Amino acid sequence: MTAEADREGAASSARVTAVSAAVPAVDAPPQTQPVPWPHLHLLDVDRLTRPQIELVMGTTDAMREVLARPIPKVPALRGVNVTILFYEASTRTRVSFEVAAKNLSCDVVNIAAASSSVSKGESLVDTVRTIEALGADMLVMRHSVSGAPYLAAEVFGGSVLNGGDGWHAHPSQALLDLYTLRSQLPGGSLEGRKVVILGDALHSRVARSNIWTLTAMGADVWICGPSTLLRGFEAWAARGAAGRRFTVTSDVDAAIKDADVVMALRIQKERMASGLLPSLREYAARYGLTQERLRAAKPDVIVMHPGPMNEGVEIAADVAVDPRSVITAQVTNGVAVRMALLYLLAGAQHHGGNA
Amino acid sequence: MTAEADREGAASSARVTAVSAAVPAVDAPPQTQPVPWPHLHLLDVDRLTRPQIELVMGTTDAMREVLARPIPKVPALRGVNVTILFYEASTRTRVSFEVAAKNLSCDVVNIAAASSSVSKGESLVDTVRTIEALGADMLVMRHSVSGAPYLAAEVFGGSVLNGGDGWHAHPSQALLDLYTLRSQLPGGSLEGRKVVILGDALHSRVARSNIWTLTAMGADVWICGPSTLLRGFEAWAARGAAGRRFTVTSDVDAAIKDADVVMALRIQKERMASGLLPSLREYAARYGLTQERLRAAKPDVIVMHPGPMNEGVEIAADVAVDPRSVITAQVTNGVAVRMALLYLLAGAQHHGGNA
Amino acid sequence: MTAEADREGAASSARVTAVSAAVPAVDAPPQTQPVPWPHLHLLDVDRLTRPQIELVMGTTDAMREVLARPIPKVPALRGVNVTILFYEASTRTRVSFEVAAKNLSCDVVNIAAASSSVSKGESLVDTVRTIEALGADMLVMRHSVSGAPYLAAEVFGGSVLNGGDGWHAHPSQALLDLYTLRSQLPGGSLEGRKVVILGDALHSRVARSNIWTLTAMGADVWICGPSTLLRGFEAWAARGAAGRRFTVTSDVDAAIKDADVVMALRIQKERMASGLLPSLREYAARYGLTQERLRAAKPDVIVMHPGPMNEGVEIAADVAVDPRSVITAQVTNGVAVRMALLYLLAGAQHHGGNA
């Protein structure tokens, strides 16, 4: 670690202390808490300042404590109506938000919409207006069109939480990944850590949101995959961004060498048809995360995957269950992070937050 | 307004006062309330007397007050099991009933049934018997076959609420439309108001139920659409009904002229194939509710739509969001009306209501 | 009844008394109860000893008492998360578990999975691990592959309840059938009673689980159907099993003669294509349970069906609603039995139960 990074680390610690004082007492309703959280919506992580990210992390700590209780529930958001509107199939993210909301004593309504019924922007707007008129205070949505939650946020009077939009963003996933890494890394800091995101970055909202938070926290992020699946990232990396460290490569050996963290991305089999990917077998041979490849990383490398996994394709089955894999911890932390996000956004509603 | 209508209005006010006294204190369970509501089921509005309609309106006022609270819930129906059985896709009506039931502290079970599995009447009967045996006290159902809820009510021991059956009836929609109009019209009376229902009346359960309640409350109802979509209504209008005012026409200009209210109906695109409708473009040109057409109505005309809208077809996008549009209020009032209906029917169960 | 059976009956009564003392006070959480229930999972009935079956029966009695209350709920399992993961369509079993869990104040999450997404065993394992990481304490699952819940139980840290796996087992159905029969039979004993299971035993998990419990309780079980649908059962019957009485035949008259109980099985119409079944009409003519056939049984024969019924095929409509039919009671008892099972398994989690 450089002297500069060291100073930054110290500054970061100071900030953590300052922020910790502000972490809400999450058993009580957010409107009773003087929490400096300004955002009404969670659309992507790029609107979050570093102190705000720290506040999410600190609030998530408090939610983890709730989850460890015999009855893992608090009455904090009693009477708050949460509607979960998913235009794409999902088990993990949908259930994670549902459990998170119920743990805070929200009432939850699920709507599984077929994408076809909202082919026009106007229809999405009508749907969102209707959901608000039906009494929803918070709207968690997933949509195949990038940017759809931004449109929803323009018309919805409550809070919109982006549960994944097209290739664009998956902010709660990036925050749970960050929380998981901070829990696992010695010292709890990403500063100067080499984090490899391996796979189909082109179509991955998980990759885009993670690149933002990980570089914001000082990580040295490497994106690695077939060159057809890295389009646009090289230009992004070359442009640089206020001292963020960000490397793009198709050289899997160079990427994994001495990595602190390797996050494998899900390969979507429908990409095959578009000619962007060779066969699954060839992909697995060239880019799959195997024990052999992992030997080039640091001995205590952390293995991540956002799920659901294609075992034997982007990740070998024995890597997925390796002691260094934190895939299950990611899922559990997801519930706590989403509890924190619902709590903070509900507070912003009462304190007059902006978008 | 004629002298006769005037007297009727006065009589109506007197009745309203008389009924108001009977509006239940909805924070408490209905069995503790001396409410004169006799119906165990809500199958259509044609079984409701005018005082009973007034009671629904007064109870809805009480539920609106509940919805305005910081925590919009009452324990009134705690322990009551509500099953929502929908054989047709729906977001708005299904969620509206679900939210209404949860606001009253009911337990809610959703069943989305494929129409195919109940092609025979016997199967529907078995399904309803099973739902009762599983513990349901109230059954909200939507079915593509007109009359299906009547069959269900014959075998179900609790209360059946018709959430829409074929082309036949949609009673909770008619009651929420009525409530919305009374809230919006000066004096809160429909007496002598010109209400235009514009569109595909033939296939519309919304139209059928609305015609009943609106004429019962003294409105001058006009049904307007392509003549192929008005079959049967002319004969119905010609027969007359105890002084109800009811006009059927294909002349959109005559219909909208001096209208107090225009309610556009959803055009279902599958009607195209049957040859009953010209192209959507031609329909929009000849019958679509545009700002231009609306200029012939009264300046403070009220615009309604039961949703979901095909914007640019039966209603122009700028009309849908015009300040005179109450489409969003319809949705919000829908939750309150359904809370009132669940409450009143639950009371009839305890007081020994009839069908 | 033979002298031997008589002695067995007396022994059984003694056991019932002994066990009754152990029936938990189900208003309170199971961890506060000294209940001798060792099983963490409910995978099939073949792991249950007779005293354990008696304990389920006694606990179900207590749950029936809860269901008879004005508000049929107890706080016993508050804070317990139940996930219902069904890879096959179901209304009755899914809703029954959902209502049972809610009556015990559990939080319930429903996941309707398409079978296709879990074609590989690894994926099911990942799904189950994810569900656990999301906070589930109990997992109710139905799967088209026999044995899938056993695989799930190997990786799930909480309790797995088999809601039906392939042709293999449906333990909660067998237990509710047993409970229903004990409630209906004079003396509450199956000892020496002739119970006929009529229909497609080959593809029936209901038949397999029922054969086990019914013979365990001393019934004289007859399996009857077309010989193509009895494959394997004859060998099973011939092998015998510790004094269990079990006859296999295609002779419907011999089977029904003097029967105490006839349970008709659902015919799945897709079996037709495989050539295992003649036409539905022929099946109905040769094996359908009609009033005429029923005349050969004892006058107070009990008629059962696990549902959903194909009326006019495996059971005549007038038989289904005959006063001797207990089909509706089966459904109601199903909720109580599942409450008992959830309660007992939750207790085993606290008391360190085994698989």
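Key figures
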| read-out | value |
| --- | --- |
| The protein assembly as shown - share of DSSP beta bridges that are antiparallel (%, nearest 5) | 5 percent |
| Size of electric dipole in segment C:203-264: Cβ of Lys, Arg +1 and of Asp, Glu -1, about Cα centre, debye, nearest 20 | 360 debye |
| Number of partner chain Cβ atoms within 10 Å, mean per residue of C:92-102 | 4 |
| GNM result for chain B, Cα springs below 10 Å: residue of B:164, B:199, B:135 fluctuating most strongly | B:135 |
| Label-to-label distance, nm, for residues given as residue A:69 and residue C:295 (7 Å Cα→Cβ offset) | 6.7 nm |
| Mean Cβ neighbour count within 10 Å, used as a protection proxy, ranking C:46-54, B:72-80, A:337-345 highest first | A:337-345, B:72-80, C:46-54 |
| Bridge type composition, segment B:171-325 - antiparallel percent by DSSP, nearest 5 | 0 percent |
| Equivalent ellipsoid semi-axes, segment C:171-325, via Cα gyration tensor eigenvalues times 5, rooted, Å | 22, 19, 14 |
| Radius of gyration and maximum dimension Dmax of segment A:27-86, Cα, Å | 13.3, 36 |
| Cα lying deepest toward the dipole's positive end in segment C:171-325, options C:261, C:232, C:280, charges on Cβ | C:232 |
| Inter-copy separations for residue C:299, label at 7 Å along Cα-Cβ, nm, ascending | 8.6, 8.6 |
| For residue B:197, distant residues with modelled amide H under 5 Å away | B:222, B:223, B:224, B:263 |
| DSSP bridge pairs, chain B: antiparallel proportion in percent, nearest 5 | 5 percent |
| Long-range tail of P(r) for chain A (Cα pairs > 39 Å, %) | 13 percent |
| Length-normalised contact order of segment A:171-325 in % [C-alpha pairs under 8 Å, at least 6 apart] | 23 percent |
| Neighbour cut-off at most 15 other Cβ (10 Å), DSSP loop, trypsin sites (Lys or Arg not before Pro), segment A:220-264 | A:231, A:257 |
| Three-way shape label, segment A:57-166, alpha-carbon gyration tensor, a/c 1.5 | prolate |
| Label geometry 7 Å along the beta-carbon vector: residue B:352 inter-copy distances in nm | 5.9, 5.9 |
| Average beta carbon contacts from partner chains per residue of A:79-90, 10 Å cutoff | 2 |
| Distance (nanometres) between label positions extended 7 Å along Cα→Cβ at residue C:50 and residue C:235 | 2.9 nm |
| Mean separation of Cα contacts under 8 Å, 6 or more apart, over the residue count of chain A: relative contact order % | 20 percent |
| Of the DSSP H helices in chain C, those whose Cα atoms cover at least 24 Å axially and whose Kyte score averages -0.5 or more | C:3-20, C:50-67, C:327-351 |
| Relative contact order (percent, whole number), segment A:207-278, Cα cutoff 8 Å, 6+ residue spacing | 33 percent |
| Size-normalised alpha-carbon gyration radius of the protein assembly as shown, reference 2.2 N^0.38 Å | 1.02 |
| Per-copy distances of the residue C:236 label point, shortest first, in nm (7 angstrom along Cα→Cβ) | 5.7, 5.7 |
| Where labels lie 7 Å past Cα in the beta-carbon direction, separation of residue C:285 and residue B:250 in nm | 5.4 nm |
| Peptide-level mean, for C:133-141, of C-beta atoms on other protein chains within 10 Å | 4 |
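All of the numbers you see were taken from the coordinates with simple rules; none came from a lab. Please read all numbers here as calculations on a predicted model, not as lab measurements. Because the Cβ atoms are built from the backbone with ideal geometry, glycine has one as well, and the counts that use them run over all protein chains shown.
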